[in-house]
Amino acid sequence: MALSKEEAASLVSKFGKNEKDTGASEVQVALLTERINQLTGHCKQFKKDKSSQRGLLILVGKRRRILKYLQRTNLEKYRALIKELGLRK
């Protein structure tokens, strides 16, 4: 269920400044988005898995808080990230 190291490394290199830049807000949002997409598919398949549904809601809330922070601090990066990830349709 978790992201593989290769998937995570590719997202970090795509959205971060370098390969080890996992703390940047853009990288965190990208990793959370990928994890949310995986959990969404799992929850659609297993409707009675309430613990996974709770975990999904926690991840969505965490991503929302980071996006709110990014919007407050750097609006251009926020808009570019939303467009890149396909959020806020």
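Readers should treat all values here as calculations from the given coordinates under stated rules, not as data from a laboratory. As the structure is a prediction and not an experimental result, all values here were calculated from the model. All Cβ positions, even for glycine, are placed from backbone atoms using ideal geometry, and neighbour counts span all protein chains on display.
Listing for the model above:
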quantity: Options Lys20, Lys14; residue that is basic (Lys, Arg) and under 16 Å from Gly86 (Cα atoms); calculated: Lys14
quantity: Restricting region 16-42 to residues that are farther than 21 Å from Arg88 by Cα and not charged (D, E, K, R), the residue that is farthest from the chain's Cα centre (by Cα); calculated: Asn18
quantity: Flag if Gly55 is in contact with a helix residue (DSSP H, G or I) (Cβ under 9 Å, 6 or more places away or on another chain), loosely packed, with under 13 Cβ neighbours inside 10 Å, of a type outside the set (S, T, N, Q) and under 24 Å from Ala9 (Cβ atoms); calculated: no
quantity: Hits in region 1-15 (condition: part of a helix (DSSP H, G or I) and either of a type in the set (Val, Ile, Thr) or more than 14 Å from the chain's Cα centre (by Cα) (or both)); calculated: Lys5, Glu6, Val12, Ser13
quantity: Pairs where the first residue, in region 63-89, is at positive phi and the second is surrounded by 13 or more Cβ atoms within 10 Å (Cβ to Cβ) and of a type in the set (Val, Ile, Thr), C-beta under 8 Å, 6+ apart; calculated: Arg88/Ile82
quantity: Condition met for Ser13 (in contact with a Cys (Cβ under 6 Å, 6 or more places away or on another chain) and either among the polar types (S, T, N, Q) or over 21 Å from Arg88 (Cβ atoms) (or both)); calculated: no
